[in-house]
1. Pop out the ³J(HN,Hα) list for the range 132-141 in order, Karplus 6.51 cos²θ - 1.76 cosθ + 1.60 with θ = phi - 60°, rounded to Hz; leave Gly and Pro as x.
2. Find the centroid of the Cα atoms in the range 150-184 and in the range 1-51, then give the distance between the two in whole Å.
3. Just to be sure I understand the model, the point goes 7 Å from the Cα along the line to the Cβ. What's the resulting Asn62 to Val134 distance in nm?
4. Of all chymotrypsin sites (Phe, Trp or Tyr not before Pro) in the range 1-94, which ones are in loop regions per DSSP and have a Cβ with at most 13 other Cβ atoms within 10 Å?
5. Past the 31 Å Cα-Cα mark, which pairs from Lys30/Lys168; Lys21/Lys140; Lys82/Lys140?
6. Please list the non-local residues whose amide H lies under 5 Å from the amide H of Ile132, H modeled 1.01 Å from N, same-chain partners needing a gap of 5 or more.
7. Amide H neighbours of Lys44 under 5 Å, counting only residues 5+ apart in sequence or on other chains, H built in-plane at 1.01 Å?
Amino acid sequence: MRYQITGKQIDVGEALQSHVKTELEEMLGKYAGRPTDATVVFSKSAHEFVCETVVHLSTGLNATAKAHATEIYAAFDACCEKMDKQLRRYKRRLKDHHKDRTEPVELIGASSYILASEADAHDDEPESLQPIIVAEMETKIPSLTVGEAVMQMELAGLPVLVFRNDKKDGVNVVYRREDGNIGWIDP
């Protein structure tokens, strides 16, 4: 397994790196089977340390967790606990999907745009109805079943996930509704 342990304007020492590797190997050994790589980023926000962890699983799914604490080790431990809870919740489904899916999740390239909000507009009336593009990025759309998409959305902590439906071969969306349920758009 590959590890990328970095700090944003923080020096991450050897002791912390070995602690992170040991704890992640122990936690992932229980659930994930064959994780491919993990990215751990430490940063500082005011007086608190922030730890963000993303683990790429061999099935193509990603597990994400983020935690804050006043000490850097406590921030990582809290982040590790959150990821442990997520993976424990989905352990059976992760193993079931791993057996059914013999190849990693297929990813399709797509363009992603960030549009200027209307609050940024200086005039009362816009010059045109065309929105102003602030940034353009490349994104990947996974090819998943609906169950895998819901699980990926939960594991990554996303409010919305756009995916290509394996069964219908069309683009679908799953999202978290205000009432706590999951919505699924199948055009």
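1. Whole-Hz 3J(HN,Hα) from phi for the range 132-141: 8, 8, 8, 8, 10, 9, 9, 10, 10, 10.
2. Cα centroid to Cα centroid, the span is 27 Å.
3. Rounded to a tenth, the inter-label distance reads 2.0 nm.
4. Taking the range 1-94 and a limit of 13 other Cβ atoms within 10 Å, no loop chymotrypsin sites (Phe, Trp or Tyr not before Pro) are found.
5. Working: Lys30/Lys168 34 Å; Lys21/Lys140 28 Å; Lys82/Lys140 25 Å.
Checking Cα-Cα distances, Lys30/Lys168 exceed 31 Å.
6. Here the answer is Ala116, since their amide H atoms fall under 5 Å of that of Ile132.
7. Val50
FYI, it's all coordinate maths here, none of it is from the lab. Owing to the predicted nature of the structure, the values given are computational and were not obtained by experimental measurement. Reconstructed Cβ throughout: ideal geometry from the backbone, glycine too, with neighbour counts over all protein chains shown.
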